[in-house]
Amino acid sequence: MNVKETKNEKNQVGVEETEAIQNTPQTELEKMTAERNEYLAGWQRAKADFVNAKKRMEETMREYRIMANEGLIEELLAVLQSFEMAFANKDAWEKADKNWRAGVEHIYNQLKSILEQNGLKEISPIGQKFDSNIHEAIRFEKAAPTQAGSVLEVMEKGYTLGNKLVKPAKVVVAENQ
């Protein structure tokens, strides 16, 4: 036997011992645990992506539903405002039969509730600074300097549908005396 063959045999034995050490149950367990953790992390990312996509889809569907109903809601808004004008005429309203008034108020509340469930929101600007993007100034009234530029009175309510202005609030705005 020559020295080279002995070295090769020793190297071969060393490689086999190294492989044996690398294939011990502990290292196999560590490899499998690492692989499992990698799969688990990937599954968790995929699940989070799915949940986020589902939320985005639900929000998009809600926005589409609002846009699809927009024309109908705008037309029903005129009916809602007719009810409010009828309620504002106190003399005529008080003369009407009490049971009839209760029925009309119930119908008004049903209509308002349905419109709100479909995304209609009332703009209530009293005391807020006048904003020409959502308010329409009907007139200006003299007021204390601290009130200048703020809304004193709402003549007609304004409404938004989702993030869109459907009808600006018609308001009385304070100006310096």
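Brief remarks follow.
- Set side by side, the residues Glu58, Glu74 differ, and just one is acidic (Asp, Glu), within 35 Å of the chain's Cα centre (by Cα), closer than 30 Å to Ser113 by Cβ and modelled with pLDDT of 90 or more, which is Glu58.
- Only residues that are outside any strand (DSSP E or B), surrounded by 12 or more Cβ atoms within 10 Å (Cβ to Cβ) and either among the aromatic types (Phe, Trp, Tyr) or under 19 Å from the mean Cα position of the chain (by Cα) (or both) were counted across segment 117-142, and they come to 3.
- Selection over segment 64-107 of residues that are without any contact (Cβ under 8 Å) to a residue 24 or more places away in the chain and among the polar types (S, T, N, Q) gives a count of 3.
- Answer from Val166, Val154 - the residue that is within 30 Å of Arg62 (Cβ to Cβ), touching a helix residue (DSSP H, G or I) at 6+ places or on another chain (Cβ under 9 Å), in a strand (DSSP E or B) and not aromatic (Phe, Trp, Tyr): Val166
- Any chance Glu75 is closer than 19 Å to Glu122 by Cα and either of a type outside the set (Ser, Thr, Tyr) or surrounded by 13 or more Cβ atoms within 10 Å (Cβ to Cβ) (or both): yes
The values are calculated or read from the model by the stated rules, or taken from the named source; none is laboratory data. Since the model is a prediction, treat every value here as computed from it, not as a measurement. Virtual Cβ from ideal backbone geometry, glycine too; neighbours counted across all protein chains shown.
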